[in-house]
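**Student:** What follows is a structure written as structure tokens; I'll ask about it next.
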Protein chains: 2
Amino acid sequence: MKHSLIPLLAIALAGFTTTQAQDALPSWNDGPAKQAIVNFVKATTTDSSPQFVPVPERIATFDQDGTLWVEHPMYSQVMYCLERVPALVKEKPELARVAPFSTVLELLHGDRAAMEKLNLADLEKVAVATLTGMSAEQFQAEAKAWLAKAKDPRWKKPFTELTYQPMQEVLRYLRASGYKTFIVTGGGQDFVRVYAEQAYGIPPEQVVGSALGTKYGYDKDGKPFLAKEPKLVLNDNDAGKPEGIHLMIGRRPYAAFGNSTGDQQMLEYTKAGPGARLSMLVLHDDAQREYAYGPAQGLPDTKVGTFPQALYDKAQKEGWTVISMKDDWKRIFAFENK
Amino acid sequence: MKHSLIPLLAIALAGFTTTQAQDALPSWNDGPAKQAIVNFVKATTTDSSPQFVPVPERIATFDQDGTLWVEHPMYSQVMYCLERVPALVKEKPELARVAPFSTVLELLHGDRAAMEKLNLADLEKVAVATLTGMSAEQFQAEAKAWLAKAKDPRWKKPFTELTYQPMQEVLRYLRASGYKTFIVTGGGQDFVRVYAEQAYGIPPEQVVGSALGTKYGYDKDGKPFLAKEPKLVLNDNDAGKPEGIHLMIGRRPYAAFGNSTGDQQMLEYTKAGPGARLSMLVLHDDAQREYAYGPAQGLPDTKVGTFPQALYDKAQKEGWTVISMKDDWKRIFAFENK
């Protein structure tokens, strides 16, 4: 009698653990994506597991735009740069008559066709003009003020409310399991740091992003400050993601999440480590509740957060898990009715 | 009666807190340096204090060489680079006849005069040859193997045992008070990360240092790796320290500790923030128990960890606290008899 109870008890306990863990992800439908996350956490945090990972080594990295929050129709930081132009023109009125700043003003005044006139070099000019030349603290104050009032054009909500509830649950579940969660974004490190703590519970020192340099100097009263410079220190995209992870974190992640070509190398690098590793890609295949774009799986093509078929095929081949927003996510945003 | 007890109780409690806090620093003699640390922690962590700092903002930064461990007669990383030369020559025998590698071999074979022939450009050549060209993981393995067998010439002990016990107590005291402790070193970030967790309880992601870039690539089996490149991404000295803090941490520290000119800007930047801030400098004035060098206060001059009189005077003027190893530290190393 005694012996025959043990396997039963083990099954009961295993069931209990699984149920507990899965409760950490209530916005996920049961399926391979949810199961991959739960299995990974169990494999790396159960003492007796051959794939157990000591707590200090538990590092998980997350792309931001399109992985943790909405990136369509345009990255919020690009919207920030465009919407800073009027303030810039107020300081330097001569810019109002100079492209690309004049074009941005037309766009902001409702001329949507003006967007077509802006190429990548124009956007870079606007970015340099709106992201550098001030102190790091002044930039933080400007970005914070913008985030407090800016609204997404479709949901009419602050951008920081457009984070994906299922991914918030993954962040919390991993942290509750001893993982340190980092953002590793192609977006601007200083920009994302302004809101990452409030939006995701991720402190500034755990945000890795494309970074411009700063220059230490003194104001007229001799008080030191850091001036933001138009010098790229880290281009945190593609190969820049694992390079940035090495620079800023110094350990290979055990889990990495992305949604586009810019995340490929981070997912490769993560998966190439020994033991249990989790590499996941969010596929935007839900035009109704969010957006649908790829062009993988015949979804509409896009320049913002491209997920080509080759990346989809690579994911299948390498054992990465593709998350279907449509099938895997019970709800997208916290503000939706459950 | 009731009322008259309250101030008494407050005094008793304050006394209790002070005694408790001071017990966290048993290797410190009572004096202004110890008091400055205890006062700072009380001011920033007591709920009712007007200078209270929320836990996520509690950041403390520490220089390493000469602040947390011994830097004389020579930085341990320089010794590492020199002692890697024989292995390098084994791989590339032609280097044995080429300066500066031939000079380093003479030095390692006991010809102390050879040291005089090595200038800064020579040391840089040796550093590039021994710190780059391999994968990040290979470098970690090489540095780890060296640290396991290398011994300091005076104490005949592994370098990682030559950390300052009073500073270890400050690290632990600050962490127990909710502070996140970071190393901010002019030394190589990848090198210090190899042992910082074991030596100081500081994980790799909390080590900021001078950093060479890496390049993401694939080996012949298609496995990704990061190659260490001879490209300086961050020179984490002087103004590079606050710049590095902004890049890697993204918040101004509340407390900073250093011991030489390379730390001046970090201490300035820290102290320039609002609220209670602690900037401290270790002065090596104990030739008997460790080393004596300045040239501040008439101590012998040195090129390794220079502490000039101007820095000493600036500390007095700016309200930074100078720690006298001789007067403030009851013992220097953990291995000493108490």
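Each value in this text was obtained by applying a stated rule to the coordinates, not by laboratory testing. Keep in mind the model is a prediction, meaning the values are calculated, not measured. Note that we place each Cβ from the backbone using ideal geometry, even for glycine, and neighbour counts take in every protein chain shown.
**Student:** By the gyration tensor of its Cα atoms, with a ≥ b ≥ c the square roots of the eigenvalues, what is the shape of the protein assembly as shown: rounded for a/c under 1.5, prolate for a/b over b/c, or oblate? Could you put the intermediate results ahead of the total?
**Tutor:** Values: a/c = 1.41, a/b = 1.39, b/c = 1.02.
Rounded.
**Student:** Over the whole of A:201-211, what's the average partner chain Cβ count within 10 Å per residue? Rounded to a whole number, please.
**Tutor:** Neighbouring Cβ atoms belonging to other protein chains average 4 per residue here.
**Student:** Okay, moving on. In nm, what does the list of distances from A:Gly275 to its counterparts in the other copies look like, shortest first, when each label sits 7 Å along Cα to Cβ?
**Tutor:** Spelled out, the distances from A:Gly275's label point are 3.5 nm.
**Student:** Roughly how crowded by other chains is peptide A:47-55, in terms of the mean Cβ count from those chains within 10 Å of each of its Cβ atoms?
**Tutor:** On the way: counts 0, 0, 0, 0, 0, 0, 0, 0, 0.
The mean count of partner-chain Cβ atoms within 10 Å per residue comes to 0.
**Student:** In µm²/s, what is D for chain B at 10 °C and 1.306 mPa s, where D = kT/(6 pi eta Rh) by Stokes-Einstein and Rh is the Kirkwood radius from Cα pairs?
**Tutor:** 74
**Student:** Please sort by residue number the chymotrypsin sites (Phe, Trp or Tyr not before Pro) in the stretch A:40-121 whose DSSP state is loop and whose Cβ has at most 13 other Cβ atoms within 10 Å. Let's see the in-between values first.
**Tutor:** Working: sites: A:Phe40, A:Phe52, A:Phe62, A:Trp69, A:Tyr75, A:Tyr80, A:Phe101; in loops: A:Phe52, A:Tyr75.
Passing both the DSSP loop test and the Cβ count: A:Phe52.
**Student:** From the phi of every residue in the stretch B:255-267, what ³J(HN,Hα) in whole Hz does the Karplus formula 6.51 cos²θ - 1.76 cosθ + 1.60 yield, where θ is phi - 60° and glycine or proline is x?
**Tutor:** 9, 9, 10, x, 8, 7, 3, x, 9, 4, 5, 4, 6
**Student:** Here's something else I'd like to know. Give the cross-link partners of B:Lys220 among the lysines, using a straight C-alpha distance below 23 Å as the criterion and excluding same-chain residues fewer than 8 apart.
**Tutor:** By straight Cα distance, B:Lys220 reaches A:Lys241, A:Lys271, A:Lys314, A:Lys317, B:Lys92, B:Lys228.
**Student:** From the label point of A:Ser48, set 7 Å from Cα along Cα→Cβ, how far away are the matching label points in the other copies, in nm, ordered shortest to longest?
**Tutor:** When each copy's label point is compared with this one, the spacings are 5.1 nm.
**Student:** What are the label-to-label distances in nm, one decimal and shortest first, from A:Gly298 to the same spot in the other copies, with labels 7 Å along Cα to Cβ?
**Tutor:** Ordered by increasing distance: 8.9 nm.
**Student:** Only helical DSSP H runs with n ≥ 4 go in: add -39500 (n - 2.57) per run for chain A, normalise by residue count and round the 222 nm mean residue ellipticity to 500 deg cm²/dmol.
**Tutor:** Numbers: 13 runs with 145 residues, N = 338.
So the helix-based figure for chain A works out to -13000 deg cm²/dmol.
**Student:** How many percent of all Cα-Cα pairs in the stretch B:242-338 sit more than 23 Å apart?
**Tutor:** Working: 1454 of 4656 pairs.
The proportion of pairs with Cα distances above 23 Å equals 31 percent.
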